[in-house]
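Report on the following structure.
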Amino acid sequence: MADNKGVMICGEIIEGKLAPITAELLGGGRDLAGKLGEELSAVLLGSGIGDLAKEAIALGADKVYVVDDPLLKTYTTDAYVAAMEKVVKEISPNILLFGTTPLGRDLAPRLAFRLGTSVSMDCTALDIDPGSKLLLQTRPVYGGNALAVFVCEGSKPQMAAVRAKAMDPKDRDDSRSGEVIPIAAGLDPAAVRTKVVNTVKEEVEGIKLEDADVIVCGGRGVGSAEDFKMLEPLAKLLNAAIGASRPPCDNGWVSPSIQIGLTGKIVGPTLYIAVALSGSSQHMAGCSGAKNIIAINKDAEANIFKEARFGIVGDFKKVIPAFTDKVKELVG
Amino acid sequence: MPNMIVCVKQIADPEAPPGSFKVDEASKKVNPAAGVSQVVSPFDEQAIEAALRIKDAQGGKITAISLGSNFVMDVIKKPLSMGADELVLLQDPAFEGGDSHSTAYALAMAIKKVGEFDLIFCGRQAADWDAGQVSSGIAEILGIPSVTPVKKVELDGNKVTVERIITDGYDVIEGTTPMLVSVSNELGEPRYPKLKGIMAAAKKEPIVWSAADIGAEPAKCGAAGARAKLEKLFVPVKEGVCEIIEGESPEEAAVALALKLREVRLI
């Protein structure tokens, strides 16, 4: 165990490209590697990975371990856990990072149990303890009402899964040099017990929430699917994506794919207009990266006013049409 | 007919106002706030619902298992009142101070003692510590496949078809029993217990097992079996500097807000 060295990140590939979380993990991982004086490596698993390893180097990796195998084309728990187990046992990293993504949520815990180590999911900050040199893993608990800092003392690697947009990528530098090392997956097809038979895309029209610079988000107080439509003209004017807290999704007013929060999308727009939503910790976990929150809520005591920069205490049904008209005049 | 197991946890109501939430930084514990009720963790209710939908369609037996202390019977019997057949409570001072590792170990040992199972259902994460890994741990210890997070589960003979949530959609995944699934809120609302179910649950005695009853090694239970160490627990400070835009009417306030946002160049 004392021999474990280096910070390793598990990259993600979506539709032939490095997913944004990969650049974020490389950015955060670079800082940790610097503090420890150790190297930063990335693992890329997939089928037909090609030049993506070079991109990981440009984004900060010193080494990239490429595990290219047809059985890794789509994510399955058994194949990915087995491939990562093999990589970790060969390389013995000190720290191993994942994204808290659909892939990371499934892969990281199962791998941690297989390796006999612990993992902290959904970390919003990572640091190195100056004394013990252990990884300090900060994560929201109780739906974001509190923050907890965990360490893993007795086992290696120290594992953490990092929330989207919690870490900043480094500037891309194509002149950086690094080493690309292939590792055989060594998978037994019979050991892969589940099979992805279909992938269904539920694309939302317009701008993706994760990429949007302006978001108009409705909450429980909007009241119905019909009233949710009141947000559309404003969103269109501001080139904004429409989001929702969990109750409108659970009530079927809007698609679950636009849910923002602890168990939904994680967003980081410049402007976040929160309409008739209370601002529960669970919701705020999804939009803590928003730079300017505007709150419109009938209840002056609503938590959202503690998070907002500007607010109106009032009925959104009266505020939103008048606001939309004025915005139209100003930006039109 | 399928044998199904659902793992559930009793927690403080996560919908309680954030202001009622307090921690003791010295002991690194959450202080139980006055007036906040205990509930079954919401994702676990959805896990019960997923199992009940299969039972509705084809029959079968559902055993709910919960590890904890200070159980409130009216609360922890909710799986029974919703329609589960048995309730097993894992209660032992040896289980206290555990983390995801020791919890998954105890639940896996209890599941082994229950014996036959085709499907195990868990919530995607408990709405208190939000650790999100006990389910994967149980599956790893039992050596069975697991899928997380899922929004639909279907069982046809020994063939399991699940819909696993991914970014902007879902994967349709097939496998065979035994399998473990962790259920997310996209499954849909859990049913309300009917009066008949509540009456039946009131009469039903839960089975209580200790660490020794399930053959759990003391070194793997509770604090002794924990691998993650909590260094610090605190409530983040919020600045709370919201500028409230006023007006004679909501419409006037709306106009003033638009002008303000223009002034600070946000629109």
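Tabulated values for the structure
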read-out	value
J(HN,Hα) series, segment A:17-31, from Karplus relation 6.51 cos²θ - 1.76 cosθ + 1.60, nearest Hz, glycine and proline x	10, 5, 5, x, 4, 5, 5, 5, 5, 5, x, x, x, 4, 4
Stretch gain in nm, segment B:I207-B:Q38, where the contour uses 0.36 nm per residue and the Cα spacing is subtracted	58.8 nm
Residues A:V254, B:V8, A:V43 arranged by fewest to most Cβ contacts within 10 Å	A:V254, A:V43, B:V8
Between 0 and 90°, nearest 10: helix B:250-263 axis offset from chain B longest Cα axis	80 degrees
DSSP bridge pairs, chain A: antiparallel proportion in percent, nearest 5	20 percent
Inter-centroid distance (Cα atoms) of segment A:162-202 relative to segment B:228-259, Å	38 Å
Size of electric dipole in segment B:71-115: Cβ of Lys, Arg +1 and of Asp, Glu -1, about Cα centre, debye, nearest 20	140 debye
Estimated distance in nm for a label pair at B:R191 and B:M1, the labels positioned 7 Å out from Cα along Cα-to-Cβ	1.4 nm
Amide H partners (placed H, <5 Å) of B:I267, local residues excluded	B:R262
Spatially proximal aspartates and glutamates relative to A:K306 (Cα-Cα < 18 Å; intrachain offsets below 8 disregarded)	B:E15, B:E239, B:E243, B:E246
The protein assembly as shown - Rg over Rh from alpha carbon coordinates, Kirkwood radius	0.97
DSSP beta bridge pairing in segment A:7-191, given as percent antiparallel to the nearest 5	30 percent
Cα pair count fraction exceeding 25 Å, expressed as % - segment A:1-107	12 percent
Table column - 3J(HN,Hα) (Hz), segment A:217-234, Karplus curve with 6.51, -1.76, 1.60, x for Gly and Pro	10, x, x, 3, x, 4, x, 6, 4, 5, 5, 4, 5, 4, 7, 5, x, 5
Residue among B:A253, B:I65, B:V147 farthest towards the positive dipole end of chain B, charges placed on Cβ	B:I65
Dipole moment magnitude, nearest 20 debye, segment B:64-159 about Cα centre, only Lys, Arg, Asp, Glu C-beta charged	200 debye
Listed residues B:V147, B:V88, B:V237, most fluctuating in chain B (Gaussian network, C-alpha, under 10 Å)	B:V237
Per-residue Cβ neighbour rank within 10 angstrom, fewest leading, B:I144, A:I95, B:I214	B:I144, B:I214, A:I95
Fewest-first ranking of A:T77, B:T177, using other Cβ atoms within 10 Å as the exposure measure	B:T177, A:T77
Projected area, mean over directions - segment A:209-331, Cα convex hull, nm²	6.4 nm²
All-pairs Cα distance distribution in chain A, expressed in whole percent, bin size 10 Å	6, 24, 29, 22, 14, 5, 0
Amide H contacts of A:L96 (H built 1.01 Å from N, under 5 Å, at least 5 apart or other chain)	A:M8, A:Q158, A:M159, A:A160
Dipole of chain A, positive end: most advanced residue of A:V313, A:A244, A:A79 [Cβ charges, Cα centre]	A:V313
Distant-in-sequence amide H partners of B:I65 (H built 1.01 Å from N, under 5 Å)	B:V6, B:C7, B:V8, B:V88
Euclidean distance of C-alpha centroids, segment B:22-48 and segment A:224-283, integer Å	27 Å
Residue pairs, from the table A:K236/A:K318; A:K170/B:K260; B:K112/B:K203, whose Cα atoms sit over 29 Å apart	A:K170/B:K260
Listed residues B:T161, B:S81, B:L107: farthest to the positive end of the dipole of segment B:3-225 (Cβ charges)	B:S81
Cross-link partners of A:K73 among lysines (Cα-Cα below 24 Å; sequence separation of 8 or more within a chain)	A:K17, A:K54, A:K63, A:K86, A:K89, A:K195, A:K201, B:K151, B:K152, B:K159
Check: the protein assembly as shown dipole with +1 on Lys, Arg Cβ and -1 on Asp, Glu Cβ, in debye	640 debye
Kirkwood-type radius of segment B:84-240, with distances r between different C-alpha atoms, in Å	17.7 Å
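Where a number appears in this text, it was derived from the coordinates with a stated rule and is not lab data. For clarity, every value in this text was computed on a predicted model and none was experimentally measured. Note that we place each Cβ from the backbone using ideal geometry, even for glycine, and neighbour counts take in every protein chain shown.
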